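Participant: Can you keep this structure in mind? I'll have questions shortly.
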Amino acid sequence: MSVIPLSQPDITEHEVRAVVDALRSGRLSMGPRLARFEEMVAGRCERRHGVAVSCGTAGLHLVLRALDIGPGDEVVTTTFSFIASANCIMYVGAKPVLVDIDPRSLNVDPHKVEAAITNRTKAIIAVEVFGSTTHMDRLAQIAGAREIPLIEDCCEALGGRHRGRPAGSFGRTGVFGFYPNKQITTGEGGMIVTDDDQLADACRIMRNQGRVDLPEADNDQSSNLQAGWLNHTCLGYNYRLSELACALGIAQMERLDELLEARRRVAMAYMQRLMDCQDLILPNVDPACAPDELSWFAFVVRLTDQYTHVERDRIITGMRRHEIGAANYFPCIHLQSFYQEQFGFRSGDLPVAESVSQRTIALPFYNQMDDMAVELVVQTLKLMLQRENLLKRDS
Ligand SMILES: *Cc1c(COP(=O)(O)O)cnc(C)c1O
């Protein structure tokens with residue numbers, strides 16, 4: 001492990017006690033903590049329903065199933081994201097239509113989304129990249145005008161807002177993820193949020209093997225076997241989230257404002273120290289967002305255009321050699337080998353995203369980072385940049 005890792009969860013005694021209490025309760029799945037956790041997340045993004053699932057990817061899969069998207073259908077989404085936001089489209093046999101991004105926000109370009117819509121388009125999946133809520137209002141308008149559902153992949157944006165509207169409230173439905181590098185974690189986990197009663201019901205049934213959602217304990221008492229635990233009304237999955245995970249999620253949600261504030265503090269510490277660096281493009285802060293509306297998932301800087309991806313990769317490797325976490329968030333999805341094989345994508349197809357993704361560097365970003373750690377990362381990054389400039393000059 002690096003001296004300064006790329007990310008690290010923020011777990012205190014509060015979380016430890018919550019999980020131990022859940023263990024001692026004797027109820028380890030489908031209990032009261034599930035409902036509580038769902039209420040908390042849905043409430044935070046001002047939606048009627050929350051459906052907790054085993055991970056964000058499972059949540060995306062379920063909403064596409066619930067919207068009856070399948071073979072012959074197209075779903076428009078961004079190429080600049082974590083792979084899950086496109087893979088879920090492949091799970092249901094539909095075609096991902098990958099489009100280019102806006103180079104400032106790094107979110108999908110709304111004009112290019114509009115241009116990609118055909119009469120086969122059954123949904124738009126909009127990703128809030130690195131927590132940015134930019135363009136979500138516009139994308140909701142576009143989807144609304146075409147009467148197709150907007151699915152918000154808000155896995156990286158819990159707690160963020162845009163002109164007062166919370167992440168997770170823009171689409172017909174939104175999906176959060178709770179992997180350990182996200183704003184809150186349940187170890188593994190995710191949550192679907194929506195105001196749509198039918199969509200929430202369909203997701204609840206499918207996460208639980210296609211059975212109508214009976215809590216396990218009630219099942220023992222039920223005399224109606226037709227409606228019982230072994231009655232399956234559709235093809236479902238086991239995408240349930242355990243009570244242990246929900247207990248952890250509740251404890252993290254109770255601290256959400258504190259967690260977001262800690263992330264903002266680290267982001268601002270980086271901003272201040274990197275502002276004067278001519279070789280870097282810093283993360284765009286949407287002027288439409290008040291400072292306390294920002295929810296930072298990662299801190300990703302971009303090298304200016306005179307750097308190549310070879311130089312970027314060498315900088316990341318150099319930082320890792322100094323035991324400082326760094327990563328190339330994100331390689332373009334359309335250039336992943338199996339997307340190229342399946343759909344014939346080539347480099348050059350989506351030039352903005354390609355240019356961006358060749359030059360991004362995700363820096364260590366976690367709540368416990370103090371000024372000394374930020375300073376060490378910044379000094380090491382600047383050292384690596386100087387090294388590249390020397391190499392360039394001498395070649
Ligand atoms: C984290 C993440 C997901 C979901 O990931 P899981 O590991 O399945 O929880 C989906 N989309 C994006 C953009 C993500 O960052």
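Participant: Quick check on the stretch 129-143: of everything there that is more than 16 Å from the ligand (Cβ to nearest atom) and open to solvent by 20 Å² or more (accessible area, probe 1.4 Å), which residue is farthest from the chain's Cα centre (by Cα)? Spell out the reasoning first.
Facilitator: Kept after step one, since they are more than 16 Å from the ligand (Cβ to nearest atom), are these residues of the stretch 129-143: 137-138, 140-143.
Now drop any that are not open to solvent by 20 Å² or more (accessible area, probe 1.4 Å), which leaves 137-138, 140-141.
Values: 137: 18, 138: 19, 140: 18, 141: 22 Å.
Restricting to residues being more than 16 Å from the ligand (Cβ to nearest atom) and open to solvent by 20 Å² or more (accessible area, probe 1.4 Å), the top hit is 141.
Participant: Do any residues in the stretch 368-387 that are on the phi < 0 side of the Ramachandran plot and of a type in the set (Ser, Thr, Tyr) have Cβ atoms under 8 Å from those of residues that are modelled with pLDDT of 95 or more and open to solvent by 10 Å² or more (accessible area, probe 1.4 Å), where the two are at least six apart or on different chains, and which pairs are they?
Facilitator: Every condition considered, the pairs that remain are 380/322.
Participant: Restricting attention to the stretch 318-341, which residues are touching a residue at least 24 places away in the same chain (Cβ under 8 Å), more than 16 Å from residue 77 (Cα to Cα) and open to solvent by 20 Å² or more (accessible area, probe 1.4 Å)?
Facilitator: 320, 322, 323, 328, 329
Participant: Let me ask something additional. For residue 20, work out the one condition from (1) more than 30 Å from residue 299 (Cβ to Cβ); (2) away from the ligand (no atom under 13 Å from the Cβ); (3) open to solvent by less than 30 Å² (accessible area, probe 1.4 Å); (4) not acidic (Asp, Glu) it doesn't fulfil.
Facilitator: (3)
Participant: Could I ask something else about it? If residue 217 passes every condition in (1) more than 16 Å from the ligand (Cβ to nearest atom); (2) of a type outside the set (Phe, Trp, Tyr); (3) modelled with pLDDT of 95 or more but one, which one does it miss?
Facilitator: (3)
The values are calculated or read from the model by the stated rules, or taken from the named source; none is laboratory data. Here the structure is a predicted model, which is why all the values come from computation and not from measurement. All Cβ positions, glycine included, derive from the backbone under ideal geometry; neighbour counts span all protein chains shown. Note: areas computed on protein heavy atoms with side chains; ligands, DNA, RNA excluded. Shrake-Rupley method; radii C 1.70, N 1.55, O 1.52, S 1.80 Å.
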